[in-house]
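Note sheet for the following structure.
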Amino acid sequence: MNQASANDPLNFMRNIWSNMGFGLPGMVTPTFDLEELDKRIKDLKAVEGWLRMNLSMLQMTIQGLEMQRSTVSTMQAMGQMASDAARQMNEPAAPEAPTEEAGKAFSEAALWPWQMMQQMREHLQQNVEAAAQAKAAEPVPEEKSKARRPAPKK
């Protein structure tokens, strides 16, 4: 062996591995073959693209689940509001058994939007009436109408 190869640690490792009957693994030894480097770059870019695609699919799945969660929680809140409103509407009548009341709230689920619109209409009607009463209660300032007469022509 010459002096340069004796001081080269990579050459030393290559000799040890080759004496064992198999070559040094490819990831440990750098290659100087441009075609091999291009192949590795191409392979790693393919893996990168695959990972990015999986990442974007994962992000879309997370967004979809978040939207689904918010929709379900909104629907549950609306259902709770509707059942509370139905319970309040039925309170003055006759109290029923709790099991029938819970079943009735879900059996009238198709009426929930109608009941909510009725409540909103009643609320707006009360606001309009209160505003009309407040306006009627305000004193109206009297304006004296002084009509200006045109100056006499001379």
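The values are calculated or read from the model by the stated rules, or taken from the named source; none is laboratory data. Keep in mind that what you see is a predicted model, and the values were worked out from it rather than measured. Glycine also receives a Cβ, built like all others from the backbone with ideal geometry; neighbour counts cover every protein chain displayed.
Given the conditions (1) in a helix (DSSP H, G or I); (2) of a type outside the set (Val, Ile, Thr); (3) surrounded by 10 or more Cβ atoms within 10 Å (Cβ to Cβ); (4) modelled with pLDDT under 90, report the number of the one that MET57 does not fulfil.
(4)
Out of the residues in segment 92-122 that are at pLDDT 60 or above and exposed (fewer than 10 other Cβ atoms within 10 Å of the Cβ), state the one that is farthest from ALA77 (Cα to Cα).
Once the filter is applied, the top-ranked residue is PRO92.
What residue, among those in segment 13-54 that are surrounded by fewer than 10 Cβ atoms within 10 Å (Cβ to Cβ), aliphatic (A, V, I, L, M) and outside any helix (DSSP H, G or I), is modelled with the lowest pLDDT?
MET27
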